[in-house]
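First up is the structure itself, then whatever we jot down about it.
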Amino acid sequence: MNLLISEPPQELIGLLTRSKKRNNLRKPDIPEKKSKFSDADIQDMLSFLNPDMSYDDWLKVGMAIHAEGYDSSLWEAWSKRGSKYSTGECQNKWNSFNGAAGVSLGTLVHMAQNYGWRPAQPFTESFKVNENPETKAQPLKIYHWSDLAQLPTRKYLIKGLFDVKGMSVIFGASNSGKTFLALDIAAHIALGLEWQGKRTRKGQVVYIAAEGGYGTQARLEAFRKHHDIEGYGELYVIPSSVLLCGEPNDLKLLLESLACLGTLDLVVIDTLARAMGGEDENLAKDMGSFIKNCDDIRETTGAHVMVIHHCGKNEERGARGSSALKGAIDTELQVSQDNRVISAKVTKQRDGKTGEITCFELRPYEVGQDEDGEALTSCALERTSAAPTRYGLTGQAQKTRQCLLNLIHEQGTDYVPKQGMASQKVVRLEAFKDHFIKAGIASTKKPDSLDKAFHRAKDKLKDGGYIEEWDGYVWILDNPDN
């Protein structure tokens with residue numbers, strides 16, 4: 001029986017081509033396939049790249065595939081998805097590749113990683129992307145202002161709070177509720193649930209519970225009961241310490257373990273003190289080592305890294321240790337607990353507003369039984385409108401508040417600052433500043449120093465819940481006569 005095939009299907013051509021490769025019937029200038037990545041792996045990498053990229057980068061993709069002995073059909077099929085595709089161009093260029101450009105498969109891997117691709121399995125010793133000479137030789141890309149729109153746009157992990165691939169710190173005193181808050185956030189992301197009215201990006205989460213350990217399960221079970229959840233989200237727990245500072249450390253081991261999970265969206269390190277081991281968190285050098293390893297986690301996995309940290313003896317001075325940490329992060333939340341109310345306040349937001357406070361109460365749940373058959377309990381966070389108790393004012397802050405009280409009594413006018421608010425006795429912010437300077441509250445006469453002193457005192461009152469400002473007006477909260 002004779003079959004007439006006017007144009008053989010591409011699948012057959014590919015099959016015959018691969019068959020010839022297996023019998024070493026390829027052209028001498030095409031190298032033997034030596035990479036441990038499969039054709040499916042290469043296709044997966046290519047799916048993260050835009051075939052309408054620059055011509056030079058498009059050629060590099062083809063050279064990288066050619067260098068490792070893969071079939072040209074991989075490059076051809078990917079190129080066809082772009083608007084610049086021209087029939088026959090791929091094959092013409094493919095035949096001209098001879099390896100002289102020094103491009104290797106590492107180039108393709110590096111390009112794909114820059115756009116979010118992550119390997120399904122850890123890289124083997126025979127293929128290390130970071131050690132590839134081609135990767136190191138790549139020049140830094142410089143973008144003109146008009147081309148900045150080509151860069152990837154920011155994506156949120158929790159809208160208005162955490163960004164994808166960012167870094168954050170949640171800090172507070174011992175037993176303030178830091179871990180409850182971090183687990184609550186992690187579980188919402190793993191399940192794709194809104195967090196306190198904010199949209200989340202559903203994704204895989206890894207929680208390094210160096211201090212919570214095996215007690216993490218009880219807290220997550222309380223979370224499931226509180227939210228009436230039957231299943232489980234994509235949340236994984238490492239219930240042991242992972243050293244991320246100094247030498248030697250566990251970074252390589254951690255990255256190899258995380259690679260088995262594929263793409264990640266959030267990695268939580270609870271706590272910084274455990275992750276630093278015997279290193280000194282007060283030294284910028286040691287803190288810099290920790291920050292660098294966190295950056296490596298972010299770059300390799302594509303995840304947002306959240307660090308749980310402690311505050312010093314004076315909570316008002318913020319997180320303890322080197323200030324290098326605060327400089328490196330995008331978002332910072334301070335957690336405190338007062339009269340059973342846990343409050344989380346945004347104290348740093350690189351590209352947004354600070355000062356937002358969210359309050360919670362701990363609601364207890366029975367989560368199982370111990371070895372004696374007695375009930376085991378844990379808690380879940382429940383949103384509350386109760387405001388935390390304001391801290392007392394002393395020194396310059398107290399004088400500044402009294403200064404504003406006097407000014408409002410003398411010059412205050414009735415005004416509705418925001419739509420829906422009741423009328424307030426307000427003064428202009430400029431008048432408040434002038435009154436502050438005339439009262440001699442700051443121990444300086446230099447204009448720049450006076451300006452800084454005023455804003456520090458004003459912000460302290462605002463952060464403490466004593467005053468509010470809007471659209472150039474300022475007023476006292478609650479009863480101004482107190």
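Check whether at least one residue in the stretch 350-370 is in a loop (DSSP other than H, G, I, E, B), acidic (Asp, Glu) and more than 29 Å from the chain's Cα centre (by Cα), and report yes or no. Before you say what the answer is, go through the steps one by one.
Kept after step one, since they are in a loop (DSSP other than H, G, I, E, B), are these residues of the stretch 350-370: 350-356, 370.
From what is left, the residues that are acidic (Asp, Glu) are 351, 356, 370.
Now drop any that are not more than 29 Å from the chain's Cα centre (by Cα), which leaves 370.
Yes: one or more hits.
Among the residues in the stretch 213-228, are any of a type in the set (A, V, I, L, M, F, W, C), touching a helix residue (DSSP H, G or I) at 6+ places or on another chain (Cβ under 7 Å) and open to solvent by 20 Å² or more (accessible area, probe 1.4 Å)?
Narrowing the stretch 213-228 to residues of a type in the set (A, V, I, L, M, F, W, C): 218, 220, 222-223.
Narrowing further to those that are touching a helix residue (DSSP H, G or I) at 6+ places or on another chain (Cβ under 7 Å): 220, 223.
Adding the requirement that they be open to solvent by 20 Å² or more (accessible area, probe 1.4 Å) leaves 220.
Looking for residues that are of a type in the set (A, V, I, L, M, F, W, C), touching a helix residue (DSSP H, G or I) at 6+ places or on another chain (Cβ under 7 Å) and open to solvent by 20 Å² or more (accessible area, probe 1.4 Å), one finds at least one in the stretch 213-228, hence yes.
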Hey, Leu258 hits all of (1) more than 19 Å from the chain's Cα centre (by Cα); (2) in a helix (DSSP H, G or I) but one; which does it fall short on? (1)
For the stretch 304-339, give me each residue that is open to solvent by 20 Å² or more (accessible area, probe 1.4 Å) and under 30 Å from Gly262 (Cα atoms). Lys326, Gly327, Ala328, Asp330
Within the stretch 116-168, take every residue that is assigned to a loop (DSSP other than H, G, I, E, B), open to solvent by 90 Å² or more (accessible area, probe 1.4 Å) and farther than 30 Å from Trp195 by Cβ and give me the one that is modelled with the lowest pLDDT. Glu125
Quickly run through the stretch 255-271 and pick out the residues that are surrounded by 18 or more Cβ atoms within 10 Å (Cβ to Cβ) and without any contact (Cβ under 8 Å) to a residue 60 or more places away in the chain. Leu258
Evaluate the stretch 400-407: report whether one residue or more is at pLDDT 85 or above and touching a Ser or Thr at 6+ places or on another chain (Cβ under 7 Å). no
Inside the stretch 440-481, can you point out the residues that are touching a Phe, Trp or Tyr at 6+ places or on another chain (Cβ under 8 Å) and in a loop (DSSP other than H, G, I, E, B)? Ala442, Gly464, Leu477
With the checklist (1) at pLDDT 85 or above; (2) of a type in the set (Lys, Arg); (3) surrounded by fewer than 13 Cβ atoms within 10 Å (Cβ to Cβ) in hand, flag the one item Arg22 doesn't pass. (1)
Taking Gly231 as meeting all but one of (1) in contact (Cβ under 8 Å) with a residue 24 or more places away in the chain; (2) surrounded by fewer than 16 Cβ atoms within 10 Å (Cβ to Cβ); (3) among the small types (Gly, Ala, Ser), write down the number of the exception. (1)
Take the residues in the stretch 274-303 that are in contact (Cβ under 8 Å) with a residue 60 or more places away in the chain and closer than 16 Å to Ala210 by Cα; name whichever of them is most open to solvent (accessible area, probe 1.4 Å). Arg274
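Residue check: is Leu325 within 18 Å of Gln196 (Cα to Cα) and at pLDDT 85 or above? Spell out how you get there, then give the answer.
Values: within 18 Å of Gln196 (Cα to Cα): no; at pLDDT 85 or above: yes.
So Leu325 does not fit the description; no.
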Do you know which of the residues in the stretch 181-204 that are of a type outside the set (Lys, Arg) and open to solvent by 40 Å² or more (accessible area, probe 1.4 Å) is farthest from Leu220 (Cα to Cα)? Gly197
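One line per residue, one yes/no per condition, for (1) of a type in the set (Val, Ile, Thr); (2) modelled with pLDDT of 95 or more:
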position: Asn249; (1), (2): no, no
position: Lys252; (1), (2): no, no
position: Val267; (1), (2): yes, yes
position: Glu279; (1), (2): no, no
position: Cys294; (1), (2): no, yes
position: His310; (1), (2): no, no
position: Glu315; (1), (2): no, no
Which condition breaks for Arg428 when tested against (1) touching a strand residue (DSSP E or B) at 6+ places or on another chain (Cβ under 7 Å); (2) open to solvent by 30 Å² or more (accessible area, probe 1.4 Å); (3) farther than 30 Å from Asn175 by Cα; (4) modelled with pLDDT under 80? (4)
All conditions in (1) in contact (Cβ under 8 Å) with a residue 12 or more places away in the chain; (2) open to solvent by 30 Å² or more (accessible area, probe 1.4 Å); (3) farther than 18 Å from Leu183 by Cα; (4) not hydroxyl-bearing (Ser, Thr, Tyr) are true of Lys252 except (1)
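Give me the residue from the stretch 340-349 that is more than 20 Å from the chain's Cα centre (by Cα) and either farther than 28 Å from Cys379 by Cβ or touching a residue at least 40 places away in the same chain (Cβ under 8 Å) (or both) and, out of that set, surrounded by the fewest Cβ atoms within 10 Å (Cβ to Cβ). Outline the logic, then answer.
If we filter the stretch 340-349 for residues that are more than 20 Å from the chain's Cα centre (by Cα), which is where we start, we get 340-343.
Subsequent filtering for residues that are either farther than 28 Å from Cys379 by Cβ or touching a residue at least 40 places away in the same chain (Cβ under 8 Å) (or both) retains 341-343.
Working: Val341: 18, Ile342: 23, Ser343: 23.
In this case the residue turns out to be Val341.
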Any idea how many residues of the stretch 321-349 are among the small types (Gly, Ala, Ser) and in a strand (DSSP E or B)? 3
Being modelled with pLDDT under 95 and open to solvent by 10 Å² or more (accessible area, probe 1.4 Å) is the requirement here; does Gly172 meet it? no
Does the stretch 381-399 contain at least one residue that is open to solvent by 80 Å² or more (accessible area, probe 1.4 Å), of a type in the set (Asp, Glu), over 30 Å from Val427 (Cβ atoms) and modelled with pLDDT of 85 or more? no
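Residue-by-condition table, conditions (1) under 13 Å from Gln43 (Cα atoms); (2) in contact (Cβ under 8 Å) with a residue 24 or more places away in the chain; (3) touching a strand residue (DSSP E or B) at 6+ places or on another chain (Cβ under 8 Å); (4) among the β-branched types (Val, Ile, Thr):
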| site | (1), (2), (3), (4) |
| --- | --- |
| Glu68 | no, yes, no, no |
| Ser73 | yes, yes, no, no |
| Ser86 | no, no, no, no |
| Glu89 | no, no, no, no |
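The values are calculated or read from the model by the stated rules, or taken from the named source; none is laboratory data. Keep in mind that what you see is a predicted model, and the values were worked out from it rather than measured. Cβ coordinates were reconstructed from backbone atoms using ideal geometry, including for glycine residues, and neighbour counts include every protein chain displayed. Note: areas computed on protein heavy atoms with side chains; ligands, DNA, RNA excluded. Shrake-Rupley method; radii C 1.70, N 1.55, O 1.52, S 1.80 Å.
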